[in-house]
Amino acid sequence: MKKVVVIGGGTGTSMVLSSLKALKEIDLSAIVSVADSGGSTGRLRDEFGFQPVGDLRQALAALASQEIKNQKSKIKNRQGENSWIQDLLLYRFSKGNGLEGHNLGNLILTALQDMTGSTAKAIEMASKIFRLHGHIYPITTKPVNLVIEYSDGTVEIGEHILDDTNKHAGDRIIGIKTSPRAEIYSQAKLAITNAGVIIIGPGDLYGSIMPNLVIGGAPEIIRSSKAKLVFIMNLMTRYTQTHNMSANDHLGIIEKQISRKVDTVIMNNGKIPPKILKAYKEQHEYPVIDNLKKVIGKRIIRVNLIRSTLVKQNLADAVHRSYLRHDPEKLKQILNKII
């Protein structure tokens with residue numbers, strides 16, 4: 001079986017995993033950042049002292065078996081899809097003293113961390129419980145915080161800073177690292193070593209992707225891997241992370257960190273609906289400008305990755321939740337050909 005590794009975190013990685021898990025004859029692994037410090041994940045991290053599980057939970061939801069069967073037939077949710085397990089893992093409490101804002105999947109993983117004593121063992125148990133179509137590994141087993149350095153010399157600690165529009169919105173980030181320094185988890189290292197294809201992105205450049213690539217040993221193992229290296233470009237910039245950054249800027253930061261050229265870049269060339277663009281513009285966020293130049297040995301795939309049908313909802317809320325995402329079916333077709 002072709003071994004495929006997806007590196008990242010958050011909704012971007014979960015979309016790729018959802019696209020790939022249905023493909024036959026691939027052994028799929030997700031390597032996920034564990035540097036979260038905000039929201040439900042941050043609260044649980046502060047209270048229990050374990051590694052944050054937010055990105056791990058999204059990967060778990062993406063790879064979990066979606067079928068629940070009774071004696072006669074499959075149970076289907078209101079959309080007619082077998083996604084009750086996914087809905088359960090992504091469920092967020094909207095009320096309840098102490099529960100409001102918490103995600104049920106985060107609570108389940110935290111309970112497993114408490115029972116097993118480690119994040120790696122918790123994920124191993126969750127993999128069996130939810131019958132995963134693949135494997136999930138934290139990039140490191142060491143608790144870390146993200147250290148962010150800005151062009152004006154300011155240094156901030158905590159991944160949650162990257163979402164704070166009141167503090168460093170529009171400021172240029174010149175580097176990130178972890179505190180304390182951490183080494184790559186042995187199982188994550190093994191997965192990369194044995195991979196035939198490594199997929200990086202999409203996802204927040206400094207919130208989801210780079211926290212994996214600054215872990216000790218990660219750049220070296222990716223650089224020495226014989227795997228085909230694929231980068232899926234983000235659709236939009238983030239005001240708090242990648243303001244005014246082009247596609248070449250995104251790619252350059254990743255290639256510099258791992259000291260290796262990406263073999264294939266997947267870039268959207270589809271038209272984003274004007275109403276969605278307007279909503280993002282109000283947040284000072286814009287489509288990533290395609291200024292990629294073809295060089296020897298690099299393949300650039302330009303294709304319409306915008307979903308043909310966008311669910312009607314409050315656009316401000318849609319932007320806040322990164323509603324505009326790559327079409328999973330189109331992504332599956334492209335990645336299947338590459339793999």
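Numbers below:
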{"quantity": "Links that overshoot a 20 Å alpha carbon limit, given the list Lys228/Lys298; Lys177/Lys294; Lys2/Lys228; Lys21/Lys261; Lys256/Lys294; Lys271/Lys294", "calculated": "Lys177/Lys294; Lys21/Lys261; Lys271/Lys294"}
{"quantity": "Kyte-Doolittle mean at least -1.0, axial Cα span of 27 Å or more - DSSP H helices of the chain", "calculated": "none"}
{"quantity": "Per DSSP, loop GluC sites (Glu not before Pro) in region 94-188 with at most 16 further Cβ within 10 Å", "calculated": "Glu100"}
{"quantity": "Hz values of 3J(HN,Hα) by residue in region 151-167 - Karplus curve (6.51, -1.76, 1.60), Gly and Pro given as x", "calculated": "5, 8, x, 5, 10, 10, 10, x, 4, 4, 4, 5, 10, 8, 6, 8, 10"}
{"quantity": "Hydrodynamic radius (Kirkwood) for the chain, which is based on Cα pairs only, to one decimal in Å", "calculated": "20.4"}
{"quantity": "Antiparallel content of DSSP bridges confined to the chain, in %, to 5", "calculated": "30"}
{"quantity": "Centroid-to-centroid separation of region 218-281 and region 157-192 [C-alpha atoms, Å]", "calculated": "16"}
{"quantity": "Amide hydrogen neighbours beyond the local backbone of Ile200, cut-off 5 Å, H modeled", "calculated": "Ile7, Val230, Phe231, Ile232"}
{"quantity": "Residues with amide H under 5 Å from that of Leu28, placed H, sequence gap 5 or more", "calculated": "Val4, His135"}
{"quantity": "Simple spin-label estimate for Arg299 and Ala22 in nanometres, 7 Å along Cα-Cβ", "calculated": "2.3"}
{"quantity": "Cleavage-rule hits, trypsin sites (Lys or Arg not before Pro), region 209-269, DSSP coil, Cβ neighbours within 10 Å at most 14", "calculated": "Lys226, Lys261"}
{"quantity": "Long-range amide H partners of Asn145 with built H, under 5 Å", "calculated": "Ser179"}
{"quantity": "Mean Cβ neighbour count within 10 Å, used as a protection proxy, ranking 203-210, 272-279, 127-134 highest first", "calculated": "203-210, 127-134, 272-279"}
{"quantity": "Förster-model FRET efficiency, 51 Å R0, Lys128 and Lys271, C-beta, rounded to 0.05", "calculated": "0.70"}
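Rule-based calculations on the coordinates, nothing more; no lab input. Fair warning: this is a prediction, and the values are worked out from it, not measured in the lab. Note: ideal-geometry Cβ built from the backbone for every residue, glycine included; neighbour counts use all protein chains shown.
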